[in-house]
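The values are calculated or read from the model by the stated rules, or taken from the named source; none is laboratory data. Keep in mind that what you see is a predicted model, and the values were worked out from it rather than measured. Because the Cβ atoms are built from the backbone with ideal geometry, glycine has one as well, and the counts that use them run over all protein chains shown. Areas reflect the complete protein model, heavy atoms only, side chains present, ligands, DNA and RNA absent. Shrake-Rupley method; radii C 1.70, N 1.55, O 1.52, S 1.80 Å.
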Amino acid sequence: MLYKEFNKLSLILKLILLIIPGVNWITEVVVRWSAALNKKDIVNLILAIAVTIGGIVFGWRIDFIWVILTGHLTFAD
């Protein structure tokens, strides 16, 4: 349940992980697949696949802003 561990991190550390290229993609893939495997719903599975294929754009744009607003990744609370 790595997505829960990610959510426990400080906001500034989450943002740093999402802004560094490469680290961003790895963080996104690990957190998304953790959420998809633990929650077992179609939305998290689709997001995990989308992030695996094109995660750098997704993480820099959508999830970076979403973490600023809510403190967690989209659908990974």
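Within region 1-9, does at least one residue satisfy the condition of being surrounded by 20 or more Cβ atoms within 10 Å (Cβ to Cβ), touching a Ser or Thr at 6+ places or on another chain (Cβ under 7 Å) and part of a helix (DSSP H, G or I)? First the steps, then the outcome.
First, pick out the residues of region 1-9 that are surrounded by 20 or more Cβ atoms within 10 Å (Cβ to Cβ): 3, 6.
Keeping just the survivors that are touching a Ser or Thr at 6+ places or on another chain (Cβ under 7 Å) gives 3.
Narrowing the set further to residues that are part of a helix (DSSP H, G or I) leaves 3.
Yes, region 1-9 has at least one match.
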Inside region 10-23, can you point out the residues that are touching a residue at least 24 places away in the same chain (Cβ under 8 Å) and either assigned to a helix (DSSP H, G or I) or open to solvent by less than 60 Å² (accessible area, probe 1.4 Å) (or both)?
Leu11, Lys14, Leu15, Leu18, Ile19
If Asn44 satisfies every condition in (1) surrounded by fewer than 16 Cβ atoms within 10 Å (Cβ to Cβ); (2) modelled with pLDDT of 85 or more but one, which is the exception?
(1)
Some residue of region 24-34 being open to solvent by less than 40 Å² (accessible area, probe 1.4 Å), under 15 Å from Tyr3 (Cα atoms), assigned to a helix (DSSP H, G or I) and small (Gly, Ala, Ser)
yes
Can you find even one residue in region 54-73 that is without any contact (Cβ under 8 Å) to a residue 12 or more places away in the chain and not in a helix (DSSP H, G or I)?
no
